[in-house]
Every structure is written in C-alpha cells, then in structure tokens.
Amino acid sequence: MSTTATVEYRTLGKAGLRVSVPILGAMSYGTPKWAPWVLEEEASLEIMKAAWDLGINTIDTANIYSNGESERLISKFLKKYNIPRHQIIIATKCYSLVANDPSIQAFAVPGIEDLPEYVNQSGLSRAAIFNAVDASLARLDTPYIDLFQIHRFDRVVTPEETMKALHDLVQSGKVRYI
C-alpha cells in the first residue's frame with residue numbers, strides 16, 4: 001500500500017473501526033463454476049492488489065460467494081503479497097449454505113439444508129453462526145474476522161438467539177465487530 005492515501009477512511013457507524021471508502025466487494029472473485037460472471041484466481045488477485053496499491057484496505061465478502069472460494073482468495077492475496085493482517089479489514093457474512101461442490105448454488109436447491117451434511121450450516125441459529133464463523137476463519141486462514149455481518153433475516157430464529165451468538169463471538173475474539 002502506498003504511504004500516501006489515495007482513498008478516504010471513515011469510521012464505520014458508531015464503532016471505532018475505520019474502513020476505506022470505497023470498500024472492495026469480492027462477490028465476483030472465486031470460480032466461474034459457481035456463476036459465469038465470477039472471475040478466476042489470477043484476475044481476482046490482480047484486482048485486489050491494484051485496490052491495495054490505491055489504499056483500499058477493506059474487502060467485503062461472504063461465505064456463500066463461490067461457495068467459500070472468495071474467502072480463500074482473500075487469504076491467498078494476503079500471503080502472496082505479504083500483507084500484514086492488521087493492515088487490512090476483512091468483512092464477511094453468514095446466513096446462506098456453502099455447498100461442498102463449487103458448481104452448486106445451494107440457495108437454488110430446494111431442501112438441500114435438510115441433507116445430513118448441511119444440517120446447522122445455514123440460517124442464524126447459534127449453531128449455524130458458530131459453524132459459519134469457524135468455516136470462514138479456516139478459509140480466510142486468519143484468527144479473527146474484523147467485521148461479521150448477517151446477510152439476511154432468518155424468520156425461524158429469534159433475533160435474541162442471533163444477537164447472543166454474535167455477542168459471544170465478539171467476546172471470544174473470533175469476531176471484532178458486528
């Protein structure tokens with residue numbers, strides 16, 4: 001990253017976390033097996049590096065993007081360019097199911113969440129959130145997530161259960177901001 005910022009940094013809401021403006025969105029980074037408009041690894045890494053060189057230090061992704069491949073590419077970016085972990089803000093999300101097969105868009109497969117390998121792997125229950133965070137941490141190969149977001153509302157789980165799980169993740173140090 002340049003020593004002269006070419007982007008602006010703003011405090012996120014009322015939290016103390018400062019993020020770059022703009023934030024680099026990583027939905028289109030991963031594998032075209034998931035969706036035809038998704039960029040492959042080399043192109044994705046080049047864009048992340050160009051953004052970093054401009055001063056963009058915040059990347060937004062989600063567990064579902066390319067079934068986790070977007071998160072894996074962020075990890076590869078950090079390693080390839082020796083980016084110090086404390087200098088970058090990683091934001092990721094949970095709710096949706098991450099399929100084991102990169103070509104499956106799980107949200108389009110009715111009943112997939114009832115298959116044994118996918119039980120408690122989606123939604124906003126305590127179990128699903130904890131499973132999602134652990135899986136994201138593994139894919140990102142990092143000890144913490146800077147900003148963890150809910151991708152959509154869960155009509156089954158109470159907001160209290162979801163918020164308690166999120167609070168506990170912050171307390172554990174796996175997540176810094178929600």
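Nothing in this text is a laboratory measurement; each read-out follows from the coordinates by a stated rule. Computed from a prediction, not measured in an experiment: that's the story for all the values here. Neighbour counts are summed over all protein chains in view; Cβ atoms, including those assigned to glycine, are modelled from backbone coordinates with ideal geometry.
Below is a table of values for the structure above.
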item	result
A108 vs. criteria exposed (fewer than 13 other Cβ atoms within 10 Å of the Cβ), without any contact (Cβ under 8 Å) to a residue 60 or more places away in the chain and either under 29 Å from P36 (Cβ atoms) or not basic (K, R) (or both)	yes
Residue among I129, I90 that is part of a helix (DSSP H, G or I), out of contact with any Lys or Arg (no Cβ under 6 Å at 6 or more places or on another chain) and surrounded by 13 or more Cβ atoms within 10 Å (Cβ to Cβ)	I129
Filtered residues of the range 154-171 (kept if within 18 Å of the chain's Cα centre (by Cα) and either surrounded by fewer than 12 Cβ atoms within 10 Å (Cβ to Cβ) or hydroxyl-bearing (S, T, Y) (or both))	T162
Filtered residues of the range 33-53 (kept if part of a loop (DSSP other than H, G, I, E, B), over 18 Å from the mean Cα position of the chain (by Cα) and either exposed (fewer than 15 other Cβ atoms within 10 Å of the Cβ) or β-branched (V, I, T) (or both))	P36, W37
Where a residue in the range 64-75 is free of Cβ contacts under 8 Å to residues at least 40 places away in the same chain and its partner, wherever it lies, is crowded, with 24+ Cβ neighbours inside 10 Å, with Cβ under 7 Å and at least six apart	Y65/A26; Y65/G30; S66/G30; N67/V98
Candidate set from the range 127-153 (those that are of a type in the set (F, W, Y) and closer than 16 Å to A62 by Cβ); member that is nearest to the chain's Cα centre (by Cα)	F148
